[in-house]
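Here is the structure we will look at, set down as structure tokens.
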Amino acid sequence: MGLYDRYLAARVRRHDGTPPSHVAIVITERDLLERGAYETLEDVLGWAFEYDADRVTVYVSVLDPAAAPTLVSELEEVDAPRPVDVRGPDDTRRVDAPISIGIGLGGKREFARAVRGLAREVERGERDPDGIRDEDIEAQLVFPDEPDLLIKTGAERLSDFMIWQSVYAELYFTDVNWRDFRKRDYLRAVLDYKKRSRRFGR
């Protein structure tokens, strides 16, 4: 770790703000085509847990759905510091691991599927529509947990992911592309988060 990285790491450690417990990272299918992209992912996962995260969610936006099965297979083999759950575009299994990776599973699609599931329960007489709560929707989601910090590399726009879950997340955009993302970039994101005063919509 270079001198500047050590300086940032010390600032992060000394700052009395609360670190993000759940970090979400949004990258693209194209990012993973770059040389060293998987090594970068392994490094980022390690940094997240090194700096006090207990859960990491990674979303890979996909332009070509045909690429999703290959990405699922490759990402299941990532050398990660914690157990990993990987979910593809048509997967309905709820994640239950410290590291969750979604591939092409858009937030609109996930939310619509949750609504359809609740609608079927109402139709069967198993649920009163007036009694549906936020928790009932969350129980239907593949990615149920709300991130504290969401990092988007390469552009200042969000992909279609975790629309419901990220409503109160702190968003951090960096123009650094995934292939160039270094520890200092992760530390900057964490330090920025620790300096913020979270309002949770208030």
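The values are calculated or read from the model by the stated rules, or taken from the named source; none is laboratory data. No experiment lies behind these values; they were computed from the predicted model shown. When we count neighbours, we look across all protein chains shown, and the Cβ atoms used for this are built from the backbone with ideal geometry, even at glycine. Protein only, heavy atoms only, side chains kept; ligands, DNA and RNA dropped before computing areas. Shrake-Rupley method; radii C 1.70, N 1.55, O 1.52, S 1.80 Å.
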Requested in this report: Quick one: count up the residues across the range 148-163 that are open to solvent by less than 60 Å² (accessible area, probe 1.4 Å) and either within 12 Å of F173 (Cα to Cα) or in contact with a Ser or Thr (Cβ under 6 Å, 6 or more places away or on another chain) (or both).
Outcome: 9
Report summary line: R93: passes all of (1) of a type outside the set (A, V, I, L, M); (2) open to solvent by less than 10 Å² (accessible area, probe 1.4 Å); (3) more than 22 Å from W178 (Cα to Cα); (4) touching a strand residue (DSSP E or B) at 6+ places or on another chain (Cβ under 7 Å) but (2)
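Yes or no, residue by residue, for (1) on the phi < 0 side of the Ramachandran plot; (2) not in a loop (DSSP other than H, G, I, E, B):
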| position | (1), (2) |
| --- | --- |
| V142 | yes, no |
| E146 | yes, no |
| I151 | yes, yes |
| L158 | yes, no |
| M162 | no, no |
| Y168 | yes, no |
| L171 | yes, yes |
Report summary line: Taking the range 75-85 and keeping residues exposed (fewer than 15 other Cβ atoms within 10 Å of the Cβ) and out of contact with any Pro (no Cβ under 7 Å at 6 or more places or on another chain) leaves E76, E77, D79
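Each row is one residue, and each column tells you yes or no for (1) of a type outside the set (F, W, Y); (2) within 23 Å of G154 (Cα to Cα); (3) in contact (Cβ under 8 Å) with a residue 60 or more places away in the chain.
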{"position": "G17", "(1), (2), (3)": "yes, no, yes"}
{"position": "A37", "(1), (2), (3)": "yes, yes, yes"}
{"position": "D43", "(1), (2), (3)": "yes, yes, yes"}
{"position": "D54", "(1), (2), (3)": "yes, no, no"}
{"position": "D64", "(1), (2), (3)": "yes, yes, no"}
{"position": "D79", "(1), (2), (3)": "yes, no, no"}
